[in-house]
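Below: the structure, in structure tokens.
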Amino acid sequence: MKKKSFSILMGMVLTFSLLLAACSGGNKGGSNNPSTAPSNDTGAKTEETAKPAEAEKPTEITIMLPLNIAETPPNTIKNELEKLTNTKLTYQFFPADTYEEKLNASFATGSLPQVTYLKNQATFVQMKEAIREGQFWEIGPYLSEFPNLGKLKEEILNNTKVDGKLYSVYIGRPLARQGIIYRKDWADKLDIAAPANVDELFAMMEKFTTGDPDGNGKPDTIGLADRNDLIYGAFKTASAWFGTPNGWGERDGQLVPDFTTPEYTATMDYIKKIRDAKAMNVDFAATSKTDQVNMFTSGKAGVYIGSMQDVDSLVKDLVKNVPTAVVDTHSMIAGPQGQLASWSIPGYNNVALFPKSAIKDEGELKKILAFFDKLMTPEVSNVMYWGIEGTHYTVVDGKAKASSDKELTEREVKGYKDSVIGEPETNGMYEGFHELPARIHAEQLIVENEKIAVADPTAALDSPTYTEKGTGLQDLIKDATYKYIYGSIDKAGFDKAVEDWKKRGGAQIIEEYNAAYKK
Amino acid sequence: MQETVIQQARVPQPRTSELKKRLWKNKWLYVMLLPGVFYFIIFKYIPMLGLAIAFQDYKPFKGIGGSDWVGLKHFERLFTEPDFLNILTNTLLLFGMNLLFFFPVPIILALMLNEVRLSFFKRTFQTLVYLPHFMSWVIIVSISFVMLTSDGGIVNELLAYFGFEKVNFLLSPEWFRPTYIIQVIWREAGWGTIIYLAAIASVDPGLYEAARMDGAGRLRQVWHITLPAIRSVIIILLILKIGDVLELGFEHVYLLLNSMNRDVAEIIDTYVYTAGLRQGQFSYSTAIGFFKSFIGLVLVMAANRLAKKMGEEGVY
């Protein structure tokens, strides 16, 4: 029994076990590093002695990046890349789910490799402090020496700058993928046209709920399937239609957060109206993405608001349950005043950084940048993004058509696909060839959306208070928004939450962003 | 066992030679003890040094050695945080309910199982009530979600069928605590009976026989023999339970937590997760964890003292 008195101490230690786990993980990563490096060394040396005639020996580069599939990909693509770029590559894949942990641990132990991919914009914000501390190479001044890297889009590069200096190369993503995915067969049956404005969309959802679109005589359908996510769920996309700024907007010459605008309130009222009419899943504040997707793919819900590129995976499962289902995508939904808008991301979803702890001098950095310069050529980026022609894809009408063996492509190519720098316009890789009409439509709409895209003006700005407590403060607003939609607080209660936000540091965030904006 | 060693080492050594002799005599016992000692030193005590970051502005790239020391800054922030009182209240309330509603259940269940005479039925039933313990919280919460949702969940459909109002179990603050407690009871009650059943099994059957001779009924026997026999086990388990005060099951609460019930559902554990991992405030969350462990320690010491006053043994 005496042993049990230790349980209290164990309890104390439990709290730190997470940190510890991170540390031990880091050690592992750290020991991987040196062990692979020497083997590369010897490899390179033998090559040198074997082929003394070779002018340049391959550059050795170690790359750390998140992996979105379960298994580490085989070397098929890596070998091809090495051949094309005259390099000796070591890819360190880590599961995306725990990538932040690996990143922090490797960073803490000084074992980040020469090329370090982050995970998303949020990890980039967290890294900013370390970037300011001079832990990474500034690459801005070198870009002009590399013709292909120089093609990277200026406005997106600006979004990734820290204090006006460039430290990273970005992985491009379409700016505005937001729109709706809906059941065309239901709409046709009930004689509803694609909604042109928010009121028509509401009417559609209501009819989907009450009009028995699946024709089984039971009131078992709903309009919208939404989830507990105010950003990538329906809310933010709808808020853009109402004219709400994207995160922050300029009002009377001042930057203000979106939730202080009347348009935000109008959006809350709109979602409240849909929920009160029971035209959506009323428990959406507790619904996960899996449950939301299930509602759509099981034929219960008729409208999905979010990224239109999700249509492929939605349709794939929907037709298994409802073989007759027809789906279409749609955007360009006008607000109450007839205006069109779509919120957009800053054009990238991840960046790669170059740690000073691994890259000793300018010469080494230039060699690595030269590698990235080659990655930006069509031949190389196609290999990384689409795989090997004939095996993983074929070219149809100048576009890449993925091979039908999706599993092979996923296993061998997907790991590299997510690390391609730039986008088709800058690195010259093939655009995708799609067969699903709704997806083709979605791709057209994404191009159209770009014309009405609303950017977040704070994407390139910096607020120390926001970096420190912004995420925590945002929860105040998030909670208040749900409570308003659920009717447990009114506008006055919501305003109180906003006041609270300001008092706890929000006022400082406003001030800091405005000061940075004026510069 | 480990403690005896530590205590012996701490003894001021007037009779060193005798101590040495004793150590030498039992040397193989101590050798066998070593792995255990090292386990605790390496995995329990050394990690505790990490507590230092609660008093620093810890930066991963600077390490514990290089980060600035800031004294009690993070504790000050914790105690002045507007949500702090609310979170502490939620934690203690949930703990109190746990003690009040969950703790007696395994005891009652064990007593009831003990009275079952049909061995086949008893074994089957025991296995059935153990089973939920092996299910992860994710599964239990998902099952409850499917049952309780107002979008066609069976419970709400039944309520509607019998003409009652639908209840928003998942999102209303009033229903969070009952849901939590019921789920805890369902998952853990059966598992909790194991120790009690073992204690009951060691009761001398002669006592029951004697009681029956004196004309005691079933309930009398339970009250005067079984319960007093397992009294010390109950008290030890109670003290240990109090030690876990603030281990309310992070995973469980986090899964139930949503924007609508945060006012009653945010507990210290979930707050540490949000502040520490999502927002990367390592020092601050370590300070909170430290504070939490401190409460646990105080409560255990108090409970232990109380137990000793009541004439029980306590855990140390």
*Inter-label distance for B:His133 and B:Ile182, nm, one decimal - labels placed 7 Å from Cα along Cα-to-Cβ*: 2.3
*asked:* Along the charge dipole of the protein assembly as shown, pointing to its positive end and built from +1/-1 on Cβ of Lys, Arg, Asp and Glu, which listed residue (A:Thr329, A:Asn228, B:Tyr30) has its Cα farthest out?
replied: B:Tyr30
*asked:* Averaged across B:143-152, how many Cβ atoms of other chains sit within 10 Å of each residue's Cβ atom?
replied: 4
*In whole Å, how far is the Cα centre of the stretch B:172-238 from that of the stretch A:134-207?*
61
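Counting only other chains, what is the mean number of Cβ atoms within 10 angstrom of the Cβ of each residue in peptide B:235-244?
The mean count of partner-chain Cβ atoms within 10 Å per residue comes to 2.
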*Test item: B:249-261 mean partner chain Cβ contacts at 10 Å*: 3
*Mean projection of the alpha-carbon convex hull of the stretch A:107-185 over all orientations, in nm²?*
8.1
_Checking the a/c ratio against 1.5 first, then a/b against b/c, what shape does the Cα gyration tensor give for the stretch B:83-206?_
oblate
_Just to confirm the number: angle between the C-alpha axis of helix A:262-276 and the first principal axis of chain A, 0 to 90 degrees, nearest 10?_
70
*Where in chain B are the helices, taken as whole DSSP H runs, whose Cα atoms extend 24 angstrom or more along the long axis and whose Kyte-Doolittle mean reaches at least 0.0?*
B:173-201, B:282-309
*May I ask what percent, to the nearest 5, of DSSP beta bridges between residues of the protein assembly as shown are antiparallel?*
55
*How big is the gap, in Å, between the Cα center of the stretch B:82-137 and the Cα center of the stretch A:479-519?*
42
*asked:* Looking at chain B as a GNM with Cα springs under 10 Å, which of B:Ile194, B:Ile41, B:Ile53 has the largest mean-square fluctuation?
replied: B:Ile41
*Measure nothing but the geometry: give the 0 to 90° angle between the long axis through the Cα atoms of A:362-375 and the longest principal axis through the Cα atoms of chain A, rounded to 10°.*
50
*For the stretch B:66-219, give the magnitude of the charge dipole about the Cα centre (Cβ charges: +1 Lys/Arg, -1 Asp/Glu; no others), in debye to the nearest 20.*
460
*Grab the beta carbon distance between A:Lys320 and B:Leu49, set R0 = 60 Å, and tell me the FRET efficiency rounded to 0.05.*
0.65
*Output the peptides B:173-182, A:480-489 sorted from most to least packed, where packing is the average of other Cβ atoms within 10 Å over each peptide's residues.*
A:480-489, B:173-182
*What spacing in nm lies between the two simple spin-label points modelled at B:Ala229 and A:Thr210, each 7 Å away from Cα in the Cβ direction?*
6.8
*Partner lysines for A:Lys83 [C-alpha distance under 21 Å; skip if fewer than 8 residues away on the same chain]*: A:Lys45, A:Lys51, A:Lys57, A:Lys366, A:Lys367, A:Lys374, A:Lys414, A:Lys417
*Near the amide H of A:Gly422, under 5 Å away, which other amide H atoms are found, from residues 5 or more places off or on another chain, if H is placed in the peptide plane?*
A:Tyr170, A:Ile171, A:Gly172
*Assign unit charges at the C-beta atoms only (+1 for Lys and Arg, -1 for Asp and Glu), then state the dipole size of chain B relative to its Cα centre in Debye, rounded to the nearest 20.*
1520
*If you count, for each residue, the other Cβ atoms within 10 Å and average over each peptide, how do A:305-313, B:282-290 line up from highest to lowest?*
B:282-290, A:305-313
*Would you mind checking the tilt of helix A:76-85 against the longest principal axis of the Cα atoms of chain A, expressed as 0 to 90 degrees and rounded to 10?*
60
*Please get the size of the charge dipole for the protein assembly as shown, origin at its Cα centre, with Cβ charges of +1 on Lys and Arg and -1 on Asp and Glu, quoted in debye to the nearest 20.*
4000
*Loop only per DSSP, at most 16 neighbouring Cβ atoms within 10 Å: give me the GluC sites (Glu not before Pro) in the stretch A:53-88, ordered by residue number.*
A:Glu54, A:Glu56, A:Glu71
*asked:* Quick check on packing: order A:265-273, B:28-36, B:267-275 by the mean number of other C-beta atoms within 10 Å, highest mean leading.
replied: B:267-275, A:265-273, B:28-36
_I need the shape label for the protein assembly as shown. Rule: rounded when a/c is under 1.5, else prolate if a/b > b/c, else oblate, with a, b, c from the alpha carbon gyration tensor._
oblate
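Every number in this text was worked out from the coordinates using simple rules, so none of it is lab data. All values reported here derive from a predicted model rather than from experimental measurement. We place every Cβ from the backbone using ideal geometry, glycine too, and count neighbours over all the protein chains shown.
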